[in-house]
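> Please find one structure pasted underneath; my questions will follow.
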Amino acid sequence: MSRRLPLILLPGMMCDARLFGPQTDALADRHVEVLPIITADTTEKLADAVLADAPPRFALAGLSMGGIVAMEVLAQAPERIAGLCLMDTNPMAETPEFAARREPQIQRVRAGHLRAVMRDEMKPKYLADGPGRDAILDLCMDMAERLGAEVFIRQSRALQTRPDHQDTLRGVTAPTLILCGREDALCPLHRHALMQDLIPGSTLTVIENAGHLPTLEQPDATTPALRNWLTLSERVLMVGL
């Protein structure tokens, strides 16, 4: 068996593979694949699609909505996950209040105002202040517009109905990295501290001067953390063979 684990990356809402551009470039020495989560309106069906495309055993990392889908993948097939990384995400179900807030967004997007919704309601919450902030926001907008309104609506529906995965995390045995930007306003640090408490032996890494998208905001800090986690996951896997 190869010592190198395949790595599956799951991007956040209205993001494509470019969310992980710095990481896929830096990890070009191994098999890395970014799988879209755009084809269904429930996290269960999105996880089904990931598992259908993934290798038999792999390391799994997801950011934001990608982390939520990663937890559903874990719930469905824990035996296939040799390493887990959850970034800037939330293990809890959507509250009725937040589910209701999505309805006006969905209606605006259905009426042709995707760009305005991303600009006014979502983008300002993404990033920490910094010299690269405007360029990253422009990239986020381009990713969203390329994916389009129907993806926004499906992903919104999936988030509205997602299950709570705190019990799922209590059962994790694979090496786990919990990573977040210190200034993440969408998925704040205390949510990640909770996940660390739920997963025995997990590691919490906080990325300074980063908000919700540390993969783009601070790749020089984020990518080494991912590489170290992958190395540990591979070592643990080999010991267990």
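The values are calculated or read from the model by the stated rules, or taken from the named source; none is laboratory data. Just so you know, these numbers come straight off a predicted model, no measurement behind them. So basically every Cβ, Gly included, is an ideal-geometry build from the backbone, and we count neighbours across all protein chains shown. Remember, those area values only see protein heavy atoms, side chains included, never the ligands or the DNA or RNA. Shrake-Rupley method; radii C 1.70, N 1.55, O 1.52, S 1.80 Å.
> Excluding T223 itself, what net charge comes from residues whose Cβ is under 13 Å from its Cβ, given Lys and Arg +1 and Asp and Glu -1?
Computed value for this residue: -2.
> Additional query: With θ taken as phi - 60° and the coefficients 6.51, -1.76 and 1.60, list the Karplus ³J(HN,Hα) couplings across the stretch 153-160 in order, rounded to whole Hz; mark glycine and proline as x.
5, 4, 5, 4, 5, 5, 5, 4
> Enter the accessible area per residue of the stretch 183-241 (Å², integer; probe 1.4 Å; all protein chains in place).
Per residue, the stretch 183-241 has 48 Å² of solvent-accessible surface.
> Another one. Could you look at the stretch 167-217 and say what percent of its accessible area is carbon and sulfur, using a 1.4 Å probe and all protein chains?
Percent of accessible area from carbon and sulfur atoms in the stretch 167-217: 47.
> Assuming R0 = 41 Å, can you tell me the calculated FRET efficiency for the pair R80 and I106, based on Cβ-Cβ distance, to the nearest 0.05?
FRET efficiency, R80 to I106: 0.80.
> Classify the stretch 173-239: rounded, prolate or oblate, from the alpha-carbon gyration tensor (a ≥ b ≥ c, eigenvalue square roots; a/c under 1.5 rounded; otherwise prolate if a/b is larger than b/c)?
Oblate.
> While we're here: Could you give the accessible area per residue of the stretch 25-128, probe 1.4 Å, as a whole number in Å²?
Per-residue accessible area for the stretch 25-128 comes out at 42 Å².
> Got a sec to turn the phi values of the stretch 209-219 into Karplus ³J(HN,Hα) couplings, 6.51 cos²θ - 1.76 cosθ + 1.60 with θ = phi - 60°, whole Hz, x for Gly and Pro?
6, 9, x, 7, 10, x, 4, 9, 6, 9, x
> Given H placed 1.01 Å from N in the peptide plane, which residues other than close sequence neighbours of H212 have an amide H under 5 Å from its amide H?
For H212, the qualifying residues are L127, A128, A185.
> Now a separate question. Modelled label-to-label distance, K45 and D142, 7 Å Cα→beta-carbon offset: nm?
Simple spin-label model gives 3.1 nm for this pair.
> Then there's this: Taking θ = phi - 60°, what integer Hz values does the Karplus form 6.51 cos²θ - 1.76 cosθ + 1.60 yield along the stretch 41-51, in sequence order, with x for Gly and Pro?
Result, ordered by residue: 10, 9, 5, 5, 5, 5, 5, 3, 5, 4, 5 Hz.
> Between D25 and R182, what is the label-point separation in nm under the 7 Å Cα-to-beta-carbon projection?
Reported label-point gap for R182 and D25 is 2.5 nm.
> Helix-derived [θ] at 222 nm for the chain: sum -39500 (n - 2.57) over DSSP H runs of at least 4, divide by residue count, nearest 500?
Rounded to the nearest 500, it is -14500 deg cm²/dmol.
> Mind giving me the FRET efficiency for R57 and D197? R0 is 25 Å, r the Cβ-Cβ distance, nearest 0.05 is fine.
For R57 and D197, the calculated efficiency is 0.40.
> Quick one: with all protein chains in place, what share of the accessible area of the stretch 1-149 is carbon or sulfur, to the nearest percent (1.4 Å probe)?
53 percent
> In nm, give the distance between the simple-model label positions of T231 and N209, each being 7 Å from the Cα along the Cα-to-Cβ direction.
Distance between label points: 2.4 nm.
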